[in-house]
1. Looking at the structure I just gave you, is PRO179 more than 29 Å from PRO102 (Cα to Cα) and either touching a Pro at 6+ places or on another chain (Cβ under 8 Å) or in contact (Cβ under 8 Å) with a residue 60 or more places away in the chain (or both)?
2. Assess whether ALA130 counts as being out of contact with any strand residue (DSSP E or B) (no Cβ under 7 Å at 6 or more places or on another chain), touching a residue at least 60 places away in the same chain (Cβ under 8 Å) and loosely packed, with under 15 Cβ neighbours inside 10 Å.
3. If I filter region 245-277 down to residues being within 20 Å of the chain's Cα centre (by Cα) and of a type in the set (A, V, I, L, M), which single residue comes out as surrounded by the most Cβ atoms within 10 Å (Cβ to Cβ)?
4. Please state which of the following conditions ILE153 fails to meet, knowing it meets all the rest: (1) closer than 30 Å to TYR90 by Cα; (2) surrounded by fewer than 16 Cβ atoms within 10 Å (Cβ to Cβ).
5. Considering (1) assigned to a strand (DSSP E or B); (2) within 22 Å of VAL219 (Cα to Cα); (3) at pLDDT below 90, say which one GLY146 fails and leave the rest.
6. Of all residues in region 229-244, which are crowded, with 16+ Cβ neighbours inside 10 Å, at pLDDT below 90 and not in a strand (DSSP E or B)?
7. Does at least one position in region 195-215 carry a residue that is in a loop (DSSP other than H, G, I, E, B) and among the charged types (D, E, K, R)?
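The values are calculated or read from the model by the stated rules, or taken from the named source; none is laboratory data. Here the structure is a predicted model, which means the values were calculated and not measured. With ideal geometry, Cβ positions are generated from the backbone for all residues, glycine too; neighbour counts draw on all protein chains shown.
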Amino acid sequence: MFGNHRNRALTAPINWRTTVKKASAHSHTQNTILQAASCVVMLAAAGSSVAGEGWKLRQSPVGSFGGDIAALPEPSGPFGSALLTYLESYKILDANGNAKVPDAMSIPLPTGTPTRGALADGVYTVNVPAGTTNYKQTQAQLNLAGGYWTDAIYNDGRLQFAANLPLVKIKRTLSLTQPLGTVSPTTAASPPLTALPAALQGAVAAVTAAVNAKVQAGVAAALVTPTLQNTEASGIGDMELTVNWVRRQEQLKVLAGVTLFAPTGSYDVARGPNPGSGNFYTL
């Protein structure tokens, strides 16, 4: 029953690098580059809306934007970055962008057997209104990224090697509710409930109660195990290993790279929120 989710996010990057200067190298400030990188991260992360399998993405929309965003373009040598992200998911959406809730239902009442044929099945209908979904998930994430820029030139570009390890704390609350259904005649030919003898009214009420109980059981079962959804988890997330080729020409930057996501994150298939995405690799 679950689909896309709407979220809010805020990311604050802190960058550092170590430079080994050569005799021919020119010292220059990186403040402008740091400020520009911070703006890119903040604008890209704020107010994002994403869809993901199992309520999350392997390629996280926050905390990481690839190896190049963490690295300053000059000079060569090791670099590092720490990105602190807070993500809040507050709504589950269907494919049309509408809030995903337990659907409204119209259920024909099986009254034939309880009334010994006095009321055929389907003479009355239980009308169950649409339910509500109460969902909130918060995630605090610290991404520790580091790597190395090569000094050598390859086809007019340089290579960058980067690793990104997220530390994640995630908490989820989820509940589903659905009102009890009410009985109405299925067709104009169906007699009003008040016109029935007391015994038949009692039989209809008993069948209605059984149908409502089954609907409520289905809503509860949709959560699988509520205690495993309404919980929190923390630990290491899935590590990203990246190799980039970067070429700079005046104001143009060309980057081609490959990223491997390794299943280093904490993951429990029986638990709802997980720092990791599962025991699989993504390239």
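1. The answer is no for PRO179.
2. No.
3. So the residue we want is ALA262.
4. So ILE153 meets the others, but not (1).
5. (2) is the only condition that GLY146 fails.
6. Across region 229-244, the qualifying residue is only GLN229.
7. no
Here's the yes/no breakdown for (1) part of a loop (DSSP other than H, G, I, E, B); (2) among the acidic types (Asp, Glu); (3) modelled with pLDDT under 90; (4) crowded, with 17+ Cβ neighbours inside 10 Å:
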position: SER60; (1), (2), (3), (4): yes, no, yes, yes
position: THR85; (1), (2), (3), (4): no, no, yes, yes
position: ASN96; (1), (2), (3), (4): yes, no, yes, no
position: SER106; (1), (2), (3), (4): no, no, no, no
position: PRO110; (1), (2), (3), (4): yes, no, no, no
position: ALA120; (1), (2), (3), (4): yes, no, no, no
position: VAL126; (1), (2), (3), (4): no, no, no, yes
position: THR138; (1), (2), (3), (4): no, no, no, yes
